[in-house]
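Enquirer: Quick one: this structure, given as structure tokens, is what I'll be asking you about.
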Amino acid sequence: MSRFKQALAGTEPLFGLWQALANSYTAEICARAGFDWLLIDGEHSPNTAQTLLAQLQAVAPFAVEAIARVPLGEPVAIKQYLDIGFLTLLVPMVDSASHAQAIVSATRFPPLGSRGVASATSRASGFGADTAYLAKAHERVTVIGQIESVTALEQIDSIAAVDGIDALFIGPADLAASMGHLGNPLHPDVQAAIAHAKTRIDAAGKPAGIFALSPEDARSRAAEGFRFISIGTDIGLLAKGSQALLALVRT
């Protein structure tokens with residue numbers, strides 16, 4: 001079983017921070033803070049394979065799970081992220097069981113799936129030093145699907161039932177937009193949809209995660225039984241911290 005799946009099976013919520021600055025220095029600083037996980041974002045941040053690798057290397061000495069969000073749930077990106085050493089992937093916009101199955105397939109070598117083989121040149125295999133890598137790689141990977149649309153809500157039971165989808169993560173911002181409430185994830189209809197999604201994920205026996213909208217929301221989500229919760233972003237910390245510092249001295 002992968003390290004992050006073992007952590008998700010525990011009793012304490014796992015708190016994480018979004019990494020959107022695409023910078024290894026800031027990733028290392030955040031890793032030192034003691035978060036359970038850091039999400040290195042390849043969907044909405046200006047990351048390349050090189051910046052992803054640099055951040056992965058920067059956080060490696062610390063007891064923090066480096067989760068990568070791929071830009072799209074398709075085989076090429078999934079293969080590349082796994083090859084450079086990410087063990088946990090967050091895949092956006094998973095809207096159907098067939099899409100979920102294709103995502104899982106892309107994380108497995110044949111005959112279990114369709115992932116391309118590059119063992120000797122892969123950082124994940126220790127550049128060929130790990131002779132058990134090809135046989136054991138799928139056991140070390142955690143796959144998390146994002147539920148962030150009305151379509152996904154309608155298909156959530158079948159998505160959650162897919163073998164190899166290890167957890168589901170609710171994205172309130174995109175879900176709100178899909179429901180016609182762009183920019184208003186606190187709308188009662190959106191909050192009701194989140195509660196419904198959590199109930200269905202629980203029924204499937206899978207861990208549920210969410211992007212909390214505030215520290216108070218994070219505490220509430222933990223009390224509701226969400227297993228992994230994002231409590232902010234590196235950009236948010238820098239923006240709010242710099243504004244607060246200037247406000248202290250400017251009259």
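The values are calculated or read from the model by the stated rules, or taken from the named source; none is laboratory data. Given the structure is predicted, the values throughout are model-derived calculations rather than measurements. Neighbour counts are summed over all protein chains in view; Cβ atoms, including those assigned to glycine, are modelled from backbone coordinates with ideal geometry.
Enquirer: Residue check: is THR121 surrounded by fewer than 17 Cβ atoms within 10 Å (Cβ to Cβ) and either of a type in the set (Val, Ile, Thr) or at pLDDT below 95 (or both)?
Expert: For THR121, the condition - surrounded by fewer than 17 Cβ atoms within 10 Å (Cβ to Cβ) and either of a type in the set (Val, Ile, Thr) or at pLDDT below 95 (or both) - is met.
Enquirer: Filter region 101-142 for residues that are over 22 Å from the mean Cα position of the chain (by Cα) and of a type in the set (A, V, I, L, M, F, W, C) and give the result.
Expert: LEU112, VAL117, ALA118, ALA120, PHE127, ALA129, ALA132, LEU134, ALA135
Enquirer: Please state which one of ALA135, ALA77 is surrounded by fewer than 21 Cβ atoms within 10 Å (Cβ to Cβ) and touching a Gly at 6+ places or on another chain (Cβ under 9 Å).
Expert: Among ALA135, ALA77, only ALA77 is surrounded by fewer than 21 Cβ atoms within 10 Å (Cβ to Cβ) and touching a Gly at 6+ places or on another chain (Cβ under 9 Å).
Enquirer: Select from region 109-118 the residues that are surrounded by fewer than 17 Cβ atoms within 10 Å (Cβ to Cβ) and of a type outside the set (A, V, I, L, M, F, W, C) and list them in ascending order.
Expert: Correct list: PRO110, PRO111, SER114, GLY116.
Enquirer: May I pose another question? Only one of ALA239, ALA244, ALA176, ALA197 is surrounded by 20 or more Cβ atoms within 10 Å (Cβ to Cβ), without any contact (Cβ under 8 Å) to a residue 40 or more places away in the chain and outside any loop (DSSP other than H, G, I, E, B); which? Spell out the reasoning first.
Expert: Working: ALA239 fails: surrounded by 20 or more Cβ atoms within 10 Å (Cβ to Cβ); ALA244 fails: surrounded by 20 or more Cβ atoms within 10 Å (Cβ to Cβ); ALA197 fails: without any contact (Cβ under 8 Å) to a residue 40 or more places away in the chain.
Of ALA239, ALA244, ALA176, ALA197, the one residue that is surrounded by 20 or more Cβ atoms within 10 Å (Cβ to Cβ), without any contact (Cβ under 8 Å) to a residue 40 or more places away in the chain and outside any loop (DSSP other than H, G, I, E, B) is ALA176.
Enquirer: Related question: Kindly list, by first and then second residue, each pair from a residue in region 38-55 that is free of Cβ contacts under 8 Å to residues at least 40 places away in the same chain to a residue that is in a strand (DSSP E or B) and surrounded by fewer than 21 Cβ atoms within 10 Å (Cβ to Cβ), limited to pairs with Cβ atoms under 9 Å and residues at least 6 apart or on different chains.
Expert: Once the first residue is free of Cβ contacts under 8 Å to residues at least 40 places away in the same chain and sits in region 38-55, its partners that are in a strand (DSSP E or B) and surrounded by fewer than 21 Cβ atoms within 10 Å (Cβ to Cβ) give ASP41/THR233.
Enquirer: In region 80-98, which residue that is in contact with a Gly (Cβ under 8 Å, 6 or more places away or on another chain) and free of Cβ contacts under 8 Å to residues at least 60 places away in the same chain is farthest from SER119 (Cα to Cα)?
Expert: Among those that are in contact with a Gly (Cβ under 8 Å, 6 or more places away or on another chain) and free of Cβ contacts under 8 Å to residues at least 60 places away in the same chain, it is VAL91.
Enquirer: Separate question: Name every residue in region 83-106 that is over 27 Å from VAL150 (Cβ atoms) and either at pLDDT below 95 or in contact with a helix residue (DSSP H, G or I) (Cβ under 6 Å, 6 or more places away or on another chain) (or both), in order of residue number.
Expert: Looking only at region 83-106, we keep the residues that are over 27 Å from VAL150 (Cβ atoms), and these are 83-87.
The answer is ASP83, ILE84, GLY85, LEU87.
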